[in-house]
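I have placed the structure first, in the form of structure tokens, so that the comments after it can refer back to it.
The values are calculated or read from the model by the stated rules, or taken from the named source; none is laboratory data. Just so you know, these numbers come straight off a predicted model, no measurement behind them. Cβ atoms come from the backbone with ideal geometry, glycine included; neighbour counts cover every protein chain shown. Just so you know, the surface numbers come from the protein's heavy atoms only, side chains and all, with ligands and any DNA or RNA stripped out. Shrake-Rupley method; radii C 1.70, N 1.55, O 1.52, S 1.80 Å.
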Amino acid sequence: MLRALLTGGAGIAVPGVLSGCARRAEVGGGIGPATAVPGGTVIWGKSAEAIALDPPKSNLGSSWDLIQVIYDPLVELDDNLNVVPALAQSWQTPSPTEYVFSLRPDAVFSHGRPLTADDVVETFRRHLDPENPTSFASFIGGPSTTVSKLDDRTVRFRLAAPSRTFLSALSAASAVILPMKEIDAGGLDPTTEMLGTGPFLVQSHEQDQRWVLVRNPHAWRSPAADRLVIPIMPDVNSRIAALGNGSIDIADFDQPDAPLLLSSIPNLAVRVQQCTDFFVLTLNACGATPFADPRVRQAIACGIDREKIRRVALADAGEVTGVVSAAFPGAIPSSLRRDPDRARSLLAEAGHPNLRFEIIYGATAGDTVGGAITQIIQQSLAEIGVTVVATQLEEGVLNQRAWVSVPAQMDATVTYYAAFGGPLMAMRNWSPQLAPFAVGFQQKDPHLTELITQAWQAEGGVVTEAARRAAEAIEQQANTIPLVTKPVVVAYRSDRVTAKISGLDGNVDPMRHVEALSRTHVGGR
Amino acid sequence: MTDSSTTGAPAAARPARSAPRSLRIPFRGDPLGWLGLLLLVLLVGVGILHPLLPLGDPLASVGPRVAGPSARFLLGTDELGRSLLPRVASAIGVTIVLSAIAVLVATVVGVAIGCCAAYASRRVDQLITRVTDVLFSFPTILIAVLVSVVLGPGRPAAIVAIVAVTLPTMIRVARAEALRIVELDFVTSAEVAGARLGWIVRRHLLPNMREAVIVQCTYSISLGMLVEGGISFLGLGVQAPDTSLGALVGAGRLYLTVAPSYLLIPGFVLGLAVLAFNLVGDSLRAQRREQ
Amino acid sequence: MAGEIFGRARVTIELAVLGGLFTVVPGVALGLLGGVSARRRGSATATRLVNVLFLSLPEILLGGLLVFVITTYVVPFTVGVWPSLVDDPAGNLAAAVPPALVLSTFGIGVVMATTRRAVGTVLDEPYVRATEIRGLPVLTTYRHHLWRNIAAPVLTVFGIYLAYLLGGAAIVENLFALNGLGSYLINAADQRDYPAVQGVVLAAAAAFVVINMLIDVLYGVIDPRVGRRGAA
């Protein structure tokens, strides 16, 4: 009786009453031809506030997307992740360890001063400071790399060894060029003010409310729109409602379900953007946990059903990945396979037949993917007799326990790694020597670091023998287990704006073609 | 906010006796009471016995994602392809049990404070009354948010929030009842006879308060379920993969336009559960007033 | 932060005022109707059922239902926008009425119950019964008496409810994607932004004090004899 009441009562009664009303999705369709109109304001509902504004120190994807609207790097990625010119109009490699960049003559900061080679040199000196190198520095060879000015528009980098990550790393948000003359003179604080060569400049900002950007009059790549207003809308339902009622024009979503959720809104273009970033299950091999034993870690790696994670938690939107993100063309396929029998025997061998551990994961207002992945892991590990306690933590607490404490105060966590524009860049996260944030949970393994360094230095195509060896060793170590890629969804009102959305991204840059964002005029006339 | 303290006044007129009337036949001839009791037994039964019923595994991803009701999944599936039928069933249990535990705590504490207020000096009584008044009218959700900010989200936060919300009314009811009973002849004569306070409380006060307190309990449990629903909906209460009716509604919120049943069904069941307790409470109160 | 709170308070205050209106008018009307008709057993049962239904309807269910209807069907209401009341009154009401309705249901139940009880008390007075037995129209004869007896308890309950609305709009603002104080509070709690949580709590406490003062003044207007607050 209860069932009949529930299914019948709640589900059918309402549509019955409203059968006289038209459905919104059927109204408003069939727009005329759309033509781009220059000028005007475009509104981007951004999913998270940008709070780490100083590019070299910024480690948050939610800040990188805004940084890349205001600043430009020397080079950038095209839609196939190839490196193409940006502030550097061309470059030469006289030797495998030497890069010479010629700067664009028309690159001007938004306050009117032209970009010089000094800005570039000083920007990278900040990264490569031998006393205090930034986390980014390891991608470009670390403090042993030197950068010097050849003339006002030419800059030379000298590396100690060849690097396969160098050029793509220069496209990252951390590597954008700052107005170092003003910063060194003390007139500009890059942690609170943004002054770049990008298409827009910041007119005003209310924390957690909105950014108002206006056209940079000196931009070498002038935007179509006059203003870009960026309300901060952490609540996914708010962004969906705002797209529906037209109070915003474009929005980004972390939810792989976004295309489904947005399907009822007419005149909406929804693009799934594949990203090189990928989710991982990080096991803490440094603290007093069972994961100090490699057999237990391998058992977990064999027990996880990554295909199910892709299918269920990612709603089929991403891909199962290895250490080299599956988003890269020609990536190295993962060697990990689900094998419950092997997992059980490994656990028995290690003396943990009834292992029980906790996975902590973060939860920002709308992002439910980490929780979904954790719950699928919980399900598949239950099949090999492992009990997983899933605990959702507020970001600050999670940060402290997982990434700051040494050793980390956790058994395991589900998070995602930025993989940037170069296939091998993310590999450094498996070496605490190369990626200091990993020192609290990642086993120190000089041999593995050596393999990663060799892969970074080896010449050849994407899949060199050295890269393959490193990837295999990393997956055998099973300290941090790669799971699935992390797609992003960008949706815009096609009746109000035109936008160019890249299908593949490496730098957490959903608005890579922000200069092409423009209002449209719909219909004849 | 459901305040039944005013029922003390008419009841005070009834003849004094030390053995309380029992609640054996709760709602003679009151269809609403019986309806409430039926719903209550049904929901509590499902909520507690669901592991024994052939409903399916609430934690296994077995079906398509976010699907509406079908022959195979009677209430549809959630975003991880888990059947909502067993999830709703276990959520009923969590919601009712959480609320009941919290109300039990609120009752013990509330009756203790209420009796103290009735026996204490006028100044202490006034202080208790004033603090209760302020707490009583403080916004429910605000209390819940404060508690979950201090404790972190989770079951304990939900329980503490429900206690905080239901305690003031319980204190009021207990105090009003205690004041009424203390004035009754047999208590006065017991006092005159030199009976100890503890004996009077055990022998006279508590048995005579029982009915009023039970009526208030049913209201408090229904209010508690609404509070739990609200804070778990907002993500401050019960955390995944554990679930409650409010948490299910909160998860379904995202999929409202694609699978409305995901939000509406647990919401409807929550409404039924609240209705069940309210009907029983209302019937008990109506019967008390008639006598 | 103060500016933030004031900016968002506009939404919440309007919701509370509208919700208060939607609470008190139907609540008192239903309560009067119920109190008077309580003499007959059948209608007494119906009244109790209606009252209990109002007290049992979860905000998250009614709100979810309304949001679903508004986003799916073409109805003259909106979700997620909040046009200025001055510039676009119609648009503002289209946005404000559904959440205000959701806010008011529980309050209708509370006000209705209070009114019913007050009416019942008056009608049980011996002199009222005597009038009734003589066949005179009770309601018109004791109209003023009735109003005075209803006004005080309803005012008390309503004051409490208004304070609750100011702080308790969180669920409704979340459901209807509105940027009010409630959603600000929830976001702040999510991010452990203690100063913001404190700010909202302070604002709600201030509103609570002001409302209670106003109510105390109104008591004096209703019944000059009342020097202090009567019991609810």
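Within 10 Å, count the other beta carbons around each residue, average over each peptide in B:155-167, B:205-217, and list them highest first. Each step should come with its number before you reach the end.
On the way: B:155-167: 24.1, B:205-217: 20.9.
Ranking, from highest mean packing down: B:155-167, B:205-217.
Which whole number gives the average, over all residues in C:45-54, of C-beta atoms from other chains lying within 10 Å of the residue C-beta?
Working: counts 4, 1, 0, 9, 6, 0, 2, 13, 4, 1.
That average works out to 4.
Over every pair of different alpha-carbon atoms in the stretch A:78-184, take the mean of 1/r and invert it; report that Kirkwood radius in Å.
Working: mean 1/r = 0.0706 Å⁻¹.
About 14.2 Å, per the Kirkwood formula over Cα pairs.
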- prompt: Past the 26 Å Cα-Cα mark, which pairs from A:K308/A:K500; A:K46/A:K486; A:K57/A:K486; A:K308/A:K486?
  reply: A:K308/A:K500
- prompt: Put +1 on the Cβ of each Lys and Arg and -1 on the Cβ of each Asp and Glu in the stretch B:99-291; which of B:V215, B:M225, B:H204 then has its Cα farthest toward the positive end of the dipole?
  reply: B:H204
- line: If the chain between B:E290 and B:V108 were fully extended at 0.36 nm per residue, the gain over the current Cα-Cα distance would be 62.8 nm
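I need the peptides C:29-40, B:269-280 ranked by packing, meaning the mean over residues of other C-beta atoms within 10 angstrom, with the highest value on top. Write out the running numbers ahead of the final one.
Working: C:29-40: 18.1, B:269-280: 26.5.
Most protected by this proxy first, the peptides run B:269-280, C:29-40.
Which of rounded, prolate, oblate describes chain C, given a ≥ b ≥ c as roots of the alpha-carbon gyration tensor eigenvalues and a/c under 1.5 marking rounded, otherwise prolate only if a/b is larger than b/c?
In terms of gyration-tensor shape, prolate.
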query: Roughly what angle does helix C:41-56 make with the longest principal axis of chain C, taking Cα atoms, 0 to 90 degrees, to the nearest 10?
result: 20 degrees
- prompt: Which value in deg cm²/dmol, rounded to the nearest 500, describes the helix-derived mean residue ellipticity at 222 nm for chain B, given -39,500 (n - 2.57) per DSSP H run of n ≥ 4 and division by the residue count?
  reply: -22500 deg cm²/dmol
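Give me a single rounded figure for C:187-196: the average over its residues of other chain Cβ atoms within 10 Å of their Cβ. Walk me through the intermediate numbers first.
Working: counts 5, 3, 11, 14, 8, 6, 2, 2, 0, 1.
Counting Cβ atoms of other protein chains within 10 Å of each residue's Cβ and averaging gives 5.
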task: With unit charges on the beta carbon (Lys/Arg positive, Asp/Glu negative), name the residue among B:Y119, A:V324, A:P234 whose Cα is farthest towards the positive pole of the charge dipole of the protein assembly as shown.
output: B:Y119
- request: Evaluate the charge dipole of chain A about its Cα centre and quote only its size in Debye, nearest 20, assuming +1 on the Cβ of each Lys and Arg and -1 on the Cβ of each Asp and Glu.
  value: 940 debye
- prompt: Counting only DSSP beta bridges with both residues in chain A, what percent are antiparallel, rounded to the nearest 5?
  reply: 75 percent
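Calculate for chain C the 222 nm mean residue ellipticity that helices alone would give, adding -39,500 (n - 2.57) per DSSP H run of length 4 or more and normalising by residue count, nearest 500 deg cm²/dmol. Kindly include the intermediate steps, with their values, before the conclusion.
Numbers: 10 runs with 184 residues, N = 232.
Helices in chain C give a 222 nm mean residue ellipticity of -27000 deg cm²/dmol.
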- prompt: Taking each residue of A:236-244 in turn, how many C-beta atoms of other protein chains fall within 10 Å of its C-beta, and what is the average?
  reply: 6
A:K308, A:K444, A:K500, A:K149, ranked by accessible area, largest first (probe 1.4 Å): A:K444, A:K500, A:K149, A:K308
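Looking at chain B, do any whole DSSP H helices span at least 15 angstrom along their long axis by alpha carbon and average -1.0 or above on Kyte-Doolittle, and which?
B:31-49, B:84-119, B:122-137, B:140-151, B:155-182, B:206-233, B:260-290
In what order, largest first, do A:H447, A:H111, A:H205 sit by accessible area if the probe radius is 1.4 Å?
On the way: A:H447 120, A:H111 90, A:H205 70 Å².
Solvent-accessible surface, decreasing: A:H447, A:H111, A:H205.
Rounded to the nearest 20 Debye, what is the dipole magnitude of the protein assembly as shown about its Cα centre when Lys and Arg each give +1 and Asp and Glu each give -1 at the C-beta? Mind dumping the intermediate values first?
Numbers: 84 positive and 83 negative charges, 889 e Å.
Result for the protein assembly as shown is approximately 4260 debye, rounded to the nearest 20.
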message: Among C:L85, C:L162, C:L66, which one shows the highest mean-square fluctuation when chain C is modelled as a Gaussian network with alpha-carbon springs under 10 Å?
response: C:L85
- request: Please name which of A:L170, A:I250, A:A224 has its Cα lying farthest along the dipole of the protein assembly as shown towards the positive end, using unit charges on Cβ (Lys, Arg +1; Asp, Glu -1) and the Cα centre as origin.
  value: A:I250
- prompt: Once the principal axes of the Cα atoms of chain A are found, what is the range along each, listed largest first in whole angstroms?
  reply: 72, 66, 39
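Rounded to the nearest 500 deg cm²/dmol, what is the calculated helix-only ellipticity per residue at 222 nm for chain A, with -39500 (n - 2.57) per DSSP H run of length n ≥ 4?
Working: 13 runs with 116 residues, N = 525.
The helix contribution divided over chain A gives -6000 deg cm²/dmol.
Report the antiparallel proportion of the DSSP beta bridges in the protein assembly as shown as a percent, rounded to a multiple of 5.
Numbers: 60 of 77 bridges.
DSSP beta bridges in the protein assembly as shown are roughly 80 percent antiparallel.
Kirkwood-based Rg over Rh for the protein assembly as shown (C-alpha set), two decimals?
Numbers: Rg = 32.9 Å, Rh = 31.9 Å.
Rounded to two decimals, Rg/Rh equals 1.03.
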task: Give the peptides A:98-106, B:260-268 in descending order of average Cβ contacts within 10 Å, highest first.
output: B:260-268, A:98-106
Kirkwood Rh, Cα atoms: Rg over Rh of the stretch B:151-244: 1.20
query: Roughly how big is the stretch A:248-364's charge dipole about its Cα centre, with Cβ charges of +1 (Lys, Arg) and -1 (Asp, Glu), in debye to the nearest 20?
result: 460 debye
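Kindly give Rg over Rh for the stretch A:476-525, based on alpha-carbon atoms, with the Kirkwood expression for the hydrodynamic radius.
Working: Rg = 17.4 Å, Rh = 13.9 Å.
Dividing the radius of gyration by the Kirkwood radius yields 1.25.
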